[in-house]
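Please read the structure below before turning to the comments.
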Amino acid sequence: MESMEITKARSVTGTIVPPGDKSLSHRALILSAIADGISTVANFLPSEDCLCTERALRQMGVRIERPGTTVRLVHGVGLHGLQHPQTDLWMGNSGTSMRLLTGLLAAQNFKSLLKGDESLQKRPMKRIILPLRMMGAEISPANKEGNPPLHVSGRSLLGVRYTSLVASAQVKSCLLLAGLYAEGKTTVTEPAKSRDHTERILPAYGVKVEVEGNSVTVYPPQSLRRVDAELAGDISSAAHFIVLATLSPGAELRIRNVGVNPTRTGALDVLRRMGANIEIDTSPYREDTLGEPRGDLLVRSSPLSATTIGGEEIPRCIDEIPVLAIAASLAHGDTVIKDARELRVKECDRINAVTTNLRKMAVAVEETDDGMVIHGRDALTPVTPRVVIDSFGDHRIAMAFAIAGLLADGAATTVTNTACIKTSFPGFEEIISQFR
C-alpha cells in the first residue's frame with residue numbers, strides 16, 4: 001500500500017501541463033481500433049484505466065504501437081475485424097472500459113468475458129445491460145443486481161430509442177457504440193446532458209450523428225475512417241490544481257492545453273461562481289480534430305464564497321465534486337451539494353469518503369442521502385498532530401485530499417492507499433512535489 005506525506009505548499013506559481021483526457025483516450029482507442037487504416041492518438045493518457053482498454057483491444061487482434069509514452073499508433077481492423085479473445089478481458093478498476101467495451105462486444109460474432117477488481121464488481125451494470133438487451137444483446141452478469149463479471153455473447157442488434165434514467169456518458173456511449181452495428185438508427189435520451197465526447201468524436205471517424213437537446217442519434221456506418229488526433233488535457237485532473245492555486249496566497253498558476261468542452265466545465269462554473277479568478281485563453285489552439293475545444297487556464301488566488309451545487313450542473317462536474325468539497329471547506333458560508341447520489345456508486349461511496357475525511361481536518365460537514373452540507377472555515381487544521389486520510393482506494397478521493405494537505409496548516413497530512421491515483425493521473429505526485 002502506497003502513501004503520500006504532504007505538508008503545506010510554500011508557493012503555487014509557474015506552469016503545469018495536465019495529462020491527456022481519460023475519457024477521450026478510451027474513446028479514441030476504441031474507435032481507432034475498428035476504423036480502416038492506421039490512426040495516430042497523441043497525448044494519450046497511459047493510466048491504468050486506459051491501459052485496460054488498450055490491453056483488451058490487443059487481445060482482440062488490434063495491433064497498437066507505442067512510439068512514445070503518450071502516443072499510440074492504432075492499426076484499425078475495420079468495423080467487423082475484431083477477433084475472439086483467447087483469454088478473459090481484465091477491466092481492472094475501469095468502469096469506462098467495462099461499460100464501453102460491453103457495448104462494442106454486444107454486436108461481435110464471438111463470446112467474451114469481462115472481469116474487474118473488487119471495486120468494479122460492485123459497480124452498477126444494469127444500466128447498460130437492460131437497454132442492450134432491448135437491442136437484442138445477450139449479456140449474463142454475475143448476479144441479479146447486474147454486477148460484473150459480464151458474459152457477453154455477440155449477436156445481431158436492432159436500433160432502439162432509449163430514455164435513460166440517469167445522465168451518464170458511459171451508458172450513452174455504450175449504447176452508441178452498440179448502435180454502430182445495429183440495424184437502423186439508435187437514439188439515447190438523457191434526463192440531463194452528460195459529457196458529450198462520444199457524439200463529438202464519432203463524426204471525425206465518418207459516422208453520422210444527430211444531436212437534439214438531450215437526445216443523441218447514431219446511424220450505423222459502412223466503415224470508419226482513420227484519424228490523426230492530439231487529445232486535449234484532462235480538466236478533471238487540472239481541477240485539483242485550479243483549487244490549489246485559488247486557495248493559496250499569492251498564487252499564479254498557468255495550466256496549459258486543458259479541454260474546455262462545455263459538458264465538462266461544470267467545476268469551472270462552480271468555482272467562478274464562488275469567486276475564483278480563472279482566465280481561459282483559447283487562442284493558442286486551432287480547431288480540434290475531434291471537435292473538442294481546449295485552452296490555457298490562468299488561475300490566481302482569490303477568496304471564495306459558499307454556493308449550492310445541484311440539478312443539471314451535477315453531470316458536468318460529478319468527477320470534480322471531491323475537490324470542489326475541499327474548496328467549499330475554505331469558502332465563506334455553507335455550501336450545499338445535492339442531487340449527487342451517483343457519487344455513492346463510484347469507485348467508493350464518495351459522499352461518505354469526503355465527509356469522513358473532512359471531519360479529520362476539523363471541517364463541520366453533514367452527510368445527506370444525495371450530497372452534503374459543508375460549513376466553510378478560515379483554515380484546514382488537522383484534528384490530530386498527524387492526520388491520516390483514507391483514500392478508500394479511490395483516485396479522486398486520494399487526489400482531492402492530497403490537495404487538502406497542501407492547503408492545511410500544522411503537521412503533515414498522510415494520504416494512504418494512493419496507488420489508485422495511477423488509474424487516472426500517473427504523474428500527479430511528481431507535479432505536487434514542485435509545490436511542497
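Quick note: the coordinates plus some simple rules give every number you see, no bench work behind them. As the structure is a computational prediction, the values presented were derived from the model and not from experiment. Glycine gets a Cβ as well: all are built from the backbone with ideal geometry, and neighbour counts include every protein chain shown.
Miscellaneous remarks
- Angle in degrees between helix 350-360 and the longest Cα principal axis of the chain, rounded to the nearest 10: 20
- DSSP bridge pairs, the chain: antiparallel proportion in percent, nearest 5: 70
- In this structure, the amide hydrogen of K111, modeled 1.01 Å from its nitrogen in the peptide plane, lies closer than 5 angstrom to those of G154, counting only residues at least 5 positions away or on a different chain.
- Per-residue 3J(HN,Hα) values for the stretch 132-140, derived from phi via the Karplus relation 6.51 cos²θ - 1.76 cosθ + 1.60 with θ = phi - 60°, read 5, 5, 4, 7, x, 6, 10, 10, 10 Hz in sequence order (x marks Gly and Pro).
- Across the chain, Cα-Cα pairs farther apart than 41 Å form 14% of the total.
- Relative exposure of M399, M372, M134, judged by other C-beta atoms within 10 Å (fewest first): M134, M372, M399
- Spatially, the stretch 136-202 and the stretch 49-103 are offset by 18 Å when compared through their Cα centroids.
- With contacts taken as Cα pairs under 8 Å and at least 6 residues apart, the stretch 22-230 reaches a relative contact order of 21 percent.
- The chain, relative contact order in percent, only Cα pairs under 8 angstrom and at least six apart counted: 18
- Taking label points 7 Å from Cα along the Cα-to-Cβ direction, N352 and T163 give a separation of 3.3 nm.
- Between D281 and T263, the modelled label-to-label distance comes to 3.0 nm, taking each label 7 Å out from Cα in the direction of the beta carbon.
- Cross-link check: pairs K115/K360; K8/K338; K8/K172; K122/K360; K193/K422; K126/K360 evaluated at a Cα-Cα cut-off of 32 Å; pairs beyond the cut-off: K115/K360; K8/K172; K126/K360.
- The stretch 277-436: antiparallel DSSP beta bridges as a percent of all, rounded to 5: 65
- The angle between the Cα long axis of helix 22-33 and the longest principal axis of the Cα atoms of the chain comes to about 20 degrees, rounded to the nearest 10.
- Spin-label model, R386/E430: points 7 Å from Cα along the beta carbon direction are separated by 2.9 nm.
- Helix 235-247 vs. the chain, principal-axis angle (Cα, 0 to 90°, nearest 10): 10
- Peptides 104-115, 315-326, 240-251, 381-392, ordered by how many other C-beta atoms sit within 10 Å of their residues on average, highest first, read 315-326, 240-251, 104-115, 381-392.
- Mean residue ellipticity (222 nm) of the chain, computed from DSSP H runs ≥ 4 via -39,500 (n - 2.57), nearest 500: -8000 deg cm²/dmol
- M91 long-range amide H proximity, modeled H, under 5 Å: K115, G116
- Binned Cα-Cα distance frequencies in the stretch 22-230 - 10 Å width, integer %: 9, 38, 40, 12, 0
- Counting every other Cβ atom within 10 Å of each residue's Cβ, R377, R286, R294, R226 order from fewest to most as R286, R377, R226, R294.
- For the stretch 302-370 and the stretch 1-34, distance of Cα centres in Å: 21
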